[in-house]
Each structure stands twice: as C-alpha cells, then as structure tokens.
Amino acid sequence: MSRTLLFACDLSAENRAAFARAIRLANESGARLDVVHVLDPYLPRRVLHDLEEAVVADIAATLTDIREDYALAEPASLIQTVTGAPYAEIIREAHERDADMIILGAHRKRGQPDLVHGTTLARVLRSAPCPVLSVSQPANREWHDILVPIDFSLTSRHTLRQTLKRFPEGRLTLLHAWNIPGERELGSDTRYARWRDREIEGLKRHLEQETEQLMAELDQVPELSLEMQQGDPLEVLMTQLRRQSPDLLALGSRGQLGRHSQITERLLAEPHCDIMLCRPW
C-alpha cells in the first residue's frame, strides 16, 4: 500500500523548515506528500474561491523554491485547501487519507508554555491517528541521534517500535528516569543501599530484555544505548535534552512519563530539536 505524508501548511515563513523536511521525508520514503491549507469557513464564498486559487499557487511556488534551496527532488504531491477549524480538519484529513505521518511547523510562541495548550499543534497532537512531527530545525540537519524516553507502558513500547521501524540507521538513546522507594528516608543505610543497587540492576536487565524483544521483531535495527537517571521524569528529560542535544525526540502522545499536558507544552514552547509524538498504541 502506498504511503502518504500529510503536511499542514500555514503559509508562514516559520513553516518553511517543516515544508522542507516534509519534502525530504517524502523523497526518502517514496511516499506521496499531501499539502493541506485550512481556510476560514466564514469568509464570503467568492472570496474563498479566489483565495483558494491564490493559496494553491503560493504553496506550489514555495514547494519549488524550497526544492531548489535544499537541492531536493520533486516528490509525488497533492496540494489542496479545505475549510473549517484547522486542528479538526487536519485530523479529519489524516483519517481520510490514511496518513502515515502528520508534519507541522513548530509552535511559534517560544518560551511561553502557558500559551501552547489551545494551539492547533497541541490539539492535533492530542487527537492524531498517526505520528505527528513538529519541526523546528533545518531540513539539512541529519537525524543521526534520536532520544527515546522509555518506561514499561504500552505507549512507550509503541513509540520505541515506531522509532526502530522508521529510523533503522539512526543512533538511539533510550532514556529511563527512575526513583526507588525509601531513598530519602534510608539512603544512608548500608543494607538499604545494597537493596537499592540490586533493584536498579534488575531494572536495567528488564529494560534491556524489553528492548531486545522489540529488536527481534525487526529486520534492521539501529545502534542503541541505554541511559538510566534518577529523578523526576520531566526534569531528567529536560536535562538530557540540554546535555545531549539530539536531532530528534520520539515521545508517546499520552501516558508516557506522566503529566502529559505539562511535558508536551514545555517541549513545544522550548524545542531543543524536532519532535515526533506517537499515539499510545
């Protein structure tokens, strides 16, 4: 079955990086690139008709410009406009086209996580039927180093499986944040310390077994390393992002790491890299 990538184009200058990444991904995967722009349904009908033609022409010209700027081949593509609420129409189009991925530009209100919640990007992330890619970095940046926070949840396993399948040539760092009960009260006790060390070693073996089981399902797997850090999952992730500066962060869309809304909004407001969010299953 042919693959389809859905790029939601808002015609902004900030959208060019995402557009270029969408073209590149379509070429690399052999997928068709469907470019959709959502128009205001409350505009007069005659205005909508004229605006639709202008928007399609502008998107086509931008596609050509970006291809020339990045020296990219021309993918199979389809440019269309729809009317309605942007987030709802993007989700609807993803369902109707059986999209393999939705690609959007990064949230523009950087450093303002309290303004992210009601944005089109945040709403699409919550309801998309497929992985959603939020792009903030230039398309000529290779996705070599990929960070994947991991726990024992169904969401985490699905995200790791999606990442392994989509990026078999990348270098994956699996990040697990852990806390052992009693650390604050008994951390200085020798017997407790020995028990804690055994628990941590058992946790590491469990994570390695989970990963090996997933890898056995695939024909080709990337280079993997496992990072285990003590602390709050959100703070561990933010520290790792600042220290490692990965090319791509792969994260579950809900359930993973807890506090879904807070972690998503903080990441979107302070993008350290491109972000792929996957549905829970």
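The values are calculated or read from the model by the stated rules, or taken from the named source; none is laboratory data. Values in this document were obtained by computation on a predicted structure and should not be read as measured data. Every residue, glycine as well, gets a Cβ built from its backbone with ideal geometry; the counts of neighbours run over all protein chains shown. In case anyone asks, the SASA skips ligands and DNA or RNA and just uses the protein heavy atoms, side chains included. Shrake-Rupley method; radii C 1.70, N 1.55, O 1.52, S 1.80 Å.
Can you find, among ALA177, GLN213, VAL36, the residue sitting farthest towards the positive end of the charge dipole of the chain, where Lys and Arg contribute +1 and Asp and Glu -1 at Cβ?
After comparing all options, I get ALA177.
Determine ³J(HN,Hα), in whole Hz, for all residues of segment 75-86 in sequence, where each value follows from phi through the Karplus function 6.51 cos²θ - 1.76 cosθ + 1.60 and θ = phi - 60°; x replaces Gly and Pro.
Values per residue, Gly and Pro as x: x, 4, 8, 9, 10, 9, 10, 9, 10, x, 6, x Hz.
Using r as the Cβ-Cβ distance of GLN220 and ALA61, and R0 as 41 Å, what FRET efficiency do you calculate, to the nearest 0.05? Numbers along the way, then the final one.
Numbers: r = 38 Å, r/R0 = 0.93.
Efficiency for this residue pair is about 0.60.
Where the convex hull is taken over the Cα atoms of segment 37-170, what is its projected area averaged over directions, in nm²? Could you put the intermediate results ahead of the total?
Details: hull surface 42.3 nm².
Quarter of the Cα hull surface area: 10.6 nm².
At 1.4 Å probe size, with every protein chain present, just tell me what the per residue accessible area of the chain comes to in Å².
Working: 14060 Å² over 281 residues.
Here the per-residue accessible area is 50 Å².
I'd like the FRET efficiency for LEU43 and ASP98, computed as 1/(1 + (r/R0)^6) with the beta carbon distance as r and R0 of 30 Å, rounded to 0.05.
On the way: r = 30 Å, r/R0 = 0.99.
Calculated value: 0.50.
In 10 Å bins starting at zero, report the fraction of Cα pairs in the chain per bin as a rounded %.
Percent of pairs per bin, in order: 6, 27, 33, 20, 9, 4, 1, 0.
Please calculate the 1.4 Å probe accessible area of ASP145, with all protein chains present, and give it to the nearest 10 Å².
Its accessible surface works out to 50 Å², give or take rounding.
With a cut-off of 8 Å between alpha carbons and a minimum separation of six or more residues, what is the relative contact order of the chain in percent?
Values: 482 pairs, mean separation 63.3, N = 281.
So the answer I get is 23 percent.
Work out how far the C-alpha atoms of segment 134-204 reach from end to end along every principal axis, then list the three figures in whole Å, largest first.
Sorted largest first, the three principal extents are 52, 23, 19 Å.
Give the calculated FRET efficiency between ARG198 and LEU154 to the nearest 0.05, with a Förster radius of 22 Å applied to their Cβ-Cβ distance.
0.25
Only helical DSSP H runs with n ≥ 4 go in: add -39500 (n - 2.57) per run for the chain, normalise by residue count and round the 222 nm mean residue ellipticity to 500 deg cm²/dmol.
On the way: 9 runs with 124 residues, N = 281.
Counting only the DSSP helices, I get -14000 deg cm²/dmol.
Which percentage, to the nearest 5, of the DSSP beta bridges contained in the chain is antiparallel? Mind dumping the intermediate values first?
Numbers: 3 of 42 bridges.
The answer is about 5 percent antiparallel.
Suppose a student asked you for the relative contact order of segment 87-240, using Cα pairs under 8 Å spaced at least 6 residues apart; what percent would you report?
Values: 153 pairs, mean separation 35.5, N = 154.
Value for segment 87-240: 23 percent.
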